[in-house]
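Inspection log for the structure reproduced underneath, given as structure tokens.
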Amino acid sequence: MKVLLIGSGGREHALAWKLAKSDQVSELFCAPGNAGIAELAAIVNIASDDVIGLIGVVQSLEIDFVIVGPEAPLALGLVDLLQDLGVKVFGPTQAAAQLESSKAFTKELCDRYDIPTAGYAVFTEADEAIAYVHENTPPFVIKADGLAAGKGVVIAQSKFEAEDELTEFFSGKFGEASKKVVVEEFMTGQEASFFAISDGKTAIPLIAAQDHKRAYDGDKGPNTGGMGAYSPAPVFGQAEMELVMEKIIQPTVYGMKKDGNPFVGVLFAGLMMTDDGPKLIEYNARFGDPECQVLMRRLSTDVMDIFIAAEAGKLSKLEAPAWFEETVVNVVLAAQGYPGEYEKGSEIQGIETANEMEGVKIFHAGTKSDDGKVLSNGGRVLNVTASGDSVKEAIDRAYEAIDEAIDWPEGFCRRDIAHHALS
Ligand code: AMP
Ligand code: GLY
């Protein structure tokens, strides 16, 4: 099959790395890709949110199967357009992708199908939202309804802080995304990211991973897209997985189908492991990045078999995916200044040396190649993944590759990735 993968992050490099090994994939293309993906796939120079450009490429290259990595093209309806053209695609339609693109949509689904989540109220008017926080007890979690690149969530410790935030949200702090606002009850517990695949009727579990959202050690600093990940996640064992499939994933797939929006693709559940059991924080309608990288390194099954079965509505006939027992750790190298302002264009050396180290595999994110050199070209730039028989071994291997092999003075990383899993 001629396959087109859409995206340019570490997630897509990891997917490309698995797809390149698949017997089902005869030719692999990626739009727009990065310097690492260029070693595995033919690069198509079209942005992942240029839906019209992508449709043109799918037609001119006669692509058989499209895999969508990031959320933006899903929210823009790329999948619907491809389906209209009769092209096979792995990913949810625009209506189904509302699980990620509208937090109010997801909360209302949770209400209708008894899916455990934080209590909430939805507002489109600032004064009503402000009256609500004055009648209730803080802390409050205030969320922009729409996509805000992971930044549209604020935890307000007092009523007055909540009032200030709500005023800003409704004055367009996140543009269109915060014209509607969800105010939620604050939940406590450990967080975990769990991934499942749905074909519209049936869902199968993948595995869980833990992410590190803050920029600096000790979970300090601003929120980012993710500074590292590891799997397996000790807070999430077999019992938790079964519970989450039964109480959260299956009712979601059932509800989406019943409501006329069958969901085909990755259900990425952000979970809070509370004293009352796991509760849904939010859904994403795609793989997480960097979580996808540790998932792909642990997956021993051909990932294309999973995508083909999901697209065809035949997941119930698929043999359960198999996983390597090892722990895999991912440490993100980001440009200094990220997630704020940063420079592009500095040279990164030592990637090949790092790739030769035991258990180590480098996935590129924001990189480009220039005359045989690899240059930084984004905020999150490189991902060092390492496997090990223990968490400690995986951590040690990842940091050894960073300290001994990678030479990029303009970058930084967290030094405490996966340390929670050691204790
Ligand atoms: P979200 O974008 O909805 O995943 O929210 C981003 C982060 O905010 C989550 O990873 C949690 O750390 C935190 N968060 C979101 N909702 C809640 C909640 N109801 N209670 C406590 N923390 C939350
Ligand atoms: N790492 C979190 C995300 O991909 O949204």
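Each reported figure results from applying straightforward, stated rules to the coordinates on display, with no laboratory input. Fair warning: this is a prediction, and the values are worked out from it, not measured in the lab. Here the Cβ is made from the backbone with ideal geometry for all residues, glycine too, and neighbour counts use every protein chain on show.
A few points about this structure:
- Amide H contacts of LYS2 (H built 1.01 Å from N, in plane; Pro and chain starts excluded): SER26, GLU27, ASP64, PHE65 sit under 5 Å, all sequence-distant by 5 or more or on other chains.
- Global form of the stretch 327-403, assessed from the alpha-carbon gyration tensor, a/c cut-off 1.5: oblate
- Mean-position separation - Cα centroids, the stretch 317-336 and the stretch 113-175, in angstrom: 34 Å
- Additional length obtainable on full extension of the chain from GLU125 to SER26, 0.36 nm per residue less Cα span: 30.4 nm
- Rel. contact order, % - alpha carbon contacts under 8 angstrom, at least six apart, the chain: 16 percent
- Whole-number percent relative contact order across the stretch 1-95, with pairs defined as alpha carbons under 8 Å at least 6 apart: 28 percent
- Distant-in-sequence amide H partners of PHE186 (H built 1.01 Å from N, under 5 Å): VAL141
- Of the residues MET245, MET272, MET296, MET1, the one with the fewest other Cβ atoms within 10 Å heads the list, and the complete ranking is MET1, MET245, MET272, MET296.
- Cα→Cβ-extended label distance, 7 Å offset, between ASP389 and LYS201, nm: 4.5 nm
- Coupling constants for the stretch 102-112 follow from the phi torsions by the Karplus curve (6.51 cos²θ - 1.76 cosθ + 1.60, θ = phi - 60°), and in residue order they are 9, 5, 5, 4, 5, 5, 5, 4, 4, 4, 5 Hz; glycine and proline get x.
- Under 16 Å of direct C-alpha separation, and excluding same-chain neighbours fewer than eight residues apart, LYS21 reaches these lysines: LYS2, LYS361.
- Set of aspartates and glutamates with alpha-carbon distance to LYS317 below 18 Å, sequence-local pairs under 8 removed: ASP199, ASP302, ASP305
- Relative to the current alpha-carbon distance between VAL153 and ASP276, full extension at 0.36 nm per residue lengthens the span by 42.0 nm.
- Rounded Å value of the spacing that divides the Cα centres of the stretch 347-415 and the stretch 178-245: 24 Å
- In a fully extended conformation the segment linking ASP217 and GLU352 would gain 45.9 nm over its present Cα-Cα distance, using 0.36 nm per residue.
- For the stretch 189-292, averaging the sequence separation of C-alpha pairs within contact (under 8 Å, six or more residues apart) and dividing by the residue count gives a relative contact order of 34 percent.
- Global geometry of the chain, whether rounded, prolate or oblate, following the gyration tensor of its Cα atoms and the 1.5 cut on a/c: rounded
- Sites GLU246 and ARG415 - FRET efficiency at Förster radius 35 Å, r taken between beta-carbons, to 0.05: 0.35
- Under the Karplus curve 6.51 cos²θ - 1.76 cosθ + 1.60, θ = phi - 60°, whole-Hz ³J(HN,Hα) for the stretch 66-72, x wherever Gly or Pro sits: 10, 10, 9, x, x, 7, 4
- Sequence of LYS314, LYS279 once ranked by neighbouring C-beta atoms within 10 Å, starting from the fewest: LYS314, LYS279
- Net charge of neighbours whose Cβ lies under 11 Å from the Cβ of ALA144, counting Lys and Arg as +1 and Asp and Glu as -1: +2
- Charge dipole (debye, nearest 20) of the chain; +1 at Cβ of Lys and Arg, -1 at Cβ of Asp and Glu: 620 debye
- Cut-off under 5 Å, modelled amide H: who pairs with ILE281 long-range: GLY270, LEU271, MET272
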